[in-house]
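Undergrad: My structure is below; once you've seen it, I'll send some questions.
The values are calculated or read from the model by the stated rules, or taken from the named source; none is laboratory data. This structure is a prediction, so every number in the text was calculated from the model and none was measured. Every residue, glycine among them, receives a Cβ derived from its backbone with ideal geometry; neighbour counts consider all protein chains shown. Keep in mind that these areas ignore ligands, DNA and RNA; they rest on the heavy atoms of the full protein, side chains included. Shrake-Rupley method; radii C 1.70, N 1.55, O 1.52, S 1.80 Å.
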Amino acid sequence: MRRLWLTFAQTVTVCIALLFTLKTLKPEWLATWPSAWPTFATRSVQPVTVIEAPTTTEALRPGSYANAAQKALPAVVHVYTSQAIKVPRHPLQDDPLFRHFFGDRLGNGTERGTERRSGLGSGVVVSAEGYILTNFHVINGADEIEVASNDGQKYKAMVVGSDPESDLAVLRLPVNHKLPAITFGNSDSLRVGDIVLAIGNPFGVGQTVTSGIVSALGRSHLGINTFENFIQTDAAINPGNSGGALIDTNGNLIGINTAIYSQSGGSMGIGFAIPVSLAKTIMEEIIKNGSVTRGWIGVEVQEITPELAESFKLPTADGAIIAGVVRNAPAEKAGIQPGDVLLDIAGKPVKDAQSMLGLIAKLEPGKVSRLKLMRAGKTFYADVNISKRPTPKVEE
């Protein structure tokens with residue numbers, strides 16, 4: 001019985017080996033066998049339905065912001081400025097020996113020469129009437145301003161007005177030139193972590209789009225502007241991006257790129273943009289009046305530290321300490337003195353010195369507003385006749 005089993009096993013092995021050899025080397029021989037001939041190691045295969053991804057651009061590029069960029073790019077322009085500056089005459093021009101040999105080649109010795117200094121930045125077309133929003137520092141001191149659109153067309157632009165304290169300015173194209181206007185978004189609905197895109201002309205290389213997230217909101221006390229309420233982002237912003245657009249993933253304007261924190265002159269992942277809610281308010285006032293009017297009472301304030309709060313016997317560090325009062329200013333006429341603690345302005349609490357500055361600025365000049373203060377541990381009220389904030393002196 002054992003011998004019979006071994007013989008059977010060997011026979012089966014030889015047959016399988018022979019069949020495998022024929023299948024590999026001479027498959028056409030097997031094709032001639034009768035259909036009734038038994039087959040080995042085969043199975044029926046059912047057709048497979050493959051679901052292919054749609055060939056649309058959005059499907060092939062998951063996470064793409066191309067649509068947002070394409071929507072906003074035509075409304076972002078390059079701003080080129082030029083300014084004539086005086087240069088000092090050559091120090092040897094007064095030397096008789098030097099003038100004997102070189103004459104007046106460097107001037108007549110009495111007039112200072114001039115040369116032109118150029119600058120670059122970005123701007124955003126904000127209306128169909130050709131108004132362009134940019135930074136004040138981009139156009140400060142310029143006597144010639146040229147705007148280049150995304151398609152390379154160049155136009156002369158005029159300054160409608162500016163606001164140095166918020167670092168915003170409004171330009172306008174000639175009436176016969178129209179460029180697509182950007183769509184305004186809602187910067188008040190931004191959250192930390194939202195994706196944003198920065199569009200501008202960094203280093204003059206041409207229109208560029210960078211991406212990042214909102215890193216922080218309400219940044220102030222940076223010493224960049226008088227009135228600060230910045231959106232902080234890590235989207236790469238470099239010199240030349242100033243005045244450009246910060247947009248959301250729908251291509252809507254949410255900020256004006258303004259400044260960077262840098263020790264090298266290039267982007268280090270900390271950029272600041274003016275929220276469009278603030279920029280729009282200032283823009284509309286500039287277009288209407290040519291400038292921005294703010295309230296003023298004539299005081300200097302300082303922050304309340306925990307130590308100062310304890311010494312003034314304040315329950316919290318909210319408010320601002322009056323550090324100085326301008327002579328004959330509205331605050332002095334209302335009886336406000338240095339050392340008073342400002343707690344409330346027209347019913348709105350003062351959180352710190354920066355918020356106090358913003359609350360005063362929003363008051364209408366010529367109107368009387370009530371201020372709540374504290375002196376020697378006792379609260380009192382002062383009715384102040386609000387004046388117009390003086391125009392700051394700007395260095396060119």
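Undergrad: Summarise the accessible area of the range 168-297 (1.4 Å probe, protein heavy atoms) by the percent that is carbon and sulfur.
TA: 49
Undergrad: Determine the alpha carbon to alpha carbon distance for each of LYS333/LYS372; LYS351/LYS378; LYS280/LYS372; LYS288/LYS351; LYS313/LYS367; LYS178/LYS362 and list only those over 22 Å.
TA: Listed pairs above 22 Å: LYS280/LYS372; LYS288/LYS351; LYS313/LYS367; LYS178/LYS362.
Undergrad: Also: Quote the FRET efficiency, to the nearest 0.05, computed for SER118 versus LEU308 with a Förster distance R0 of 51 Å and r equal to the Cβ-Cβ distance.
TA: 0.60
Undergrad: Here is a further query. What fraction of the Cα pairs in the range 192-267, stated in percent, has a spacing above 15 angstrom?
TA: 52
Undergrad: Return the tail of the calculated pair distribution for the range 166-297, meaning the percent of Cα-Cα pairs more than 19 Å apart.
TA: 50
Undergrad: Give me the three principal axis extents of the range 247-395 from the C-alpha atoms, as integers in angstrom, largest value leading.
TA: 52, 38, 33
Undergrad: Between LYS178 and VAL159, what is the spin-label point distance in nm, taking each point 7 Å from the Cα along the Cα→C-beta axis?
TA: If labels sit at LYS178 and VAL159, their model points lie 2.9 nm apart.
Undergrad: Still on this model: For the range 301-347, what value does the Rg/Rh ratio take when both radii are computed over Cα atoms and Rh is the Kirkwood radius, given to two decimals?
TA: Ratio value, two decimals: 1.00.
Undergrad: Further, regarding this structure: What does the accessible area per residue of the range 280-349 come to in Å², with a 1.4 Å probe and no ligands, DNA or RNA counted?
TA: 54
Undergrad: Around THR258, what is the net charge, scoring Lys/Arg as +1 and Asp/Glu as -1 over all other residues with Cβ under 14 Å from its Cβ?
TA: -3
Undergrad: A further question on this structure: What does a probe at ASN385 reach in the range 272-312, counting residues whose amide N is under 19 Å from the point 7 Å along Cα→Cβ?
TA: Residues 294-299 qualify, since their backbone N sits under 19 Å from the label point.
Undergrad: Return the distance in nm (one decimal) between the two label points of a simple spin-label model at ILE16 and LEU217, each offset 7 Å from Cα along Cα→Cβ.
TA: Placing both labels 7 Å beyond Cα along the Cβ direction yields 7.2 nm.
Undergrad: What number do you get for the range 268-309 when its Cα radius of gyration is normalised by 2.2 N^0.38 Å, N = residues?
TA: My calculation over the Cα atoms of the range 268-309 gives 1.84.
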